[in-house]
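Working notes, structure below.
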Amino acid sequence: MKRSVIDILDLTPAELEELLATALDIIDNPEKYAHACAGKKLATLFFEPSTRTRLSFEAAMHELGGAVLSVTDAASSSASKGESVSDTAKVVSCYADIIAMRHPKEGAALVAARAASIPVINAGDGGHCHPTQTLADLLTIRRQKGAFSGLTIGLCGDLKFGRTVHSLINAMARYENNRFVLISPDELKLPSYVKKDVLAERGIPYEQTTSLEDAMPQLDVLYMTRVQKERFFNEEDYLRLKDSYILDMAKLKNAKDDLCIMHPLPRVNEIAVEVDDDPRACYFKQVLNGKYMRMALILKLLKEAAQ
Ligand code: NCD
């Protein structure tokens with residue numbers, strides 16, 4: 001049966017465990033998976049800029065022995081002629097076995113999934129969500145911290161438009177005894193639909209602050225994010241807010257020794273390059289983990305589609 005992943009909550013905690021187990025097995029035994037998707041095609045439809053997410057999906061499919069068809073630019077596709085997302089999804093269903101799609105509009109991946117006859121993976125829909133980045137984040141947290149519960153998780157930067165933040169909160173809110181520290185300028189606070197419907201609704205403790213330094217000592221995970229320039233309505237606001245938080249070694253002075261520093265990348269100025277050599281920096285590990293989790297997800301969805 002065809003199954004799509006639009007939101008991280010489309011996957012149950014048990015399915016997440018299954019994906020994590022597959023990813024860890026791929027890391028240990030890559031040769032076992034080298035031909036697992038032979039004869040299958042992944043179409044990457046990216047109507048918004050991306051480097052790592054698209055390449056990560058494509059590398060994932062190659063490492064599974066499958067092939068890749070790619071649209072990398074809305075301007076060079078029929079979308080520029082006015083084709084709807086639904087029609088594009090129907091057309092691509094005739095060529096490929098699975099779609100990974102990124103689109104600037106919230107809800108676009110869901111529209112594509114409803115029209116497509118093959119599985120659709122949401123690779124980011126506007127400021128809404130980004131479930132496969134969360135899969136990368138979860139494998140990183142599991143490998144670094146050993147568990148998904150009992151953690152104080154700081155999210156810092158653009159919590160309003162940062163789709164990776166919304167998906168990660170949704171995912172981590174399902175585990176016990178986690179606390180969130182929301183660090184942002186007033187203008188970029190977490191949207192109330194996430195705060196109320198996810199955190200308050202379930203009685204999950206959280207605090208909001210503008211100070212990264214004050215939050216630092218209590219954090220087990222620090223998730224830095226880029227101010228999402230492309231979602232701003234005016235350049236002036238972006239320029240004023242873009243360097244609100246810059247993590248450097250001085251700010252890490254009061255951090256825990258086992259802090260896990262994350263960032264979905266691309267980084268602009270949010271983390272000083274000097275932090276890269278600190279053993280607590282995990283953002284390049286996240287990139288690699290993302291490829292393994294995408295491999296696990298492609299495998300699972302293609303397997304289910306064949307049943
Ligand atoms: C993120 C995204 O696209 O939302 N990037 C990514 O996929 N790794 C974060 C960002 O662009 O800031």
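The values are calculated or read from the model by the stated rules, or taken from the named source; none is laboratory data. A quick note: this is a predicted structure, and the numbers were derived from the prediction, not measured. The area values use the complete protein model at the heavy-atom level, side chains included, leaving out ligands, DNA and RNA. Shrake-Rupley method; radii C 1.70, N 1.55, O 1.52, S 1.80 Å.
Tabulated results
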| quantity | calculated |
| --- | --- |
| Distant-in-sequence amide H partners of residue 247 (H built 1.01 Å from N, under 5 Å) | 271, 272 |
| Surface accessible to a 1.4 Å probe, per residue, for the residues of the chain, Å² | 43 |
| Carbon + sulfur, % of accessible area of region 131-285 - ligands and nucleic acids excluded, 1.4 Å | 46 |
| Pairwise centroid distance, computed over Cα atoms, of region 1-40 with region 79-118, Å | 22 |
| Span-like helix ranges in the chain, DSSP H, alpha carbon extent 24 angstrom or more, Kyte mean at least -0.5 | 283-306 |
| For region 177-307, alpha-carbon Rg and Dmax in angstrom | 17.3, 54 |
| Helical contribution to [θ] at 222 nm, DSSP H n ≥ 4, -39,500 (n - 2.57), averaged over the chain, rounded to 500 | -10500 deg cm²/dmol |
| Volume per residue of the C-alpha convex hull in the chain, rounded to whole Å³ | 130 |
| Choice from 145, 253, 242 showing the highest fluctuation, given a GNM over the chain with Cα pairs closer than 10 Å | 253 |
| Region 75-115: Cα Rg divided by the 2.2 N^0.38 Å rule of thumb | 1.09 |
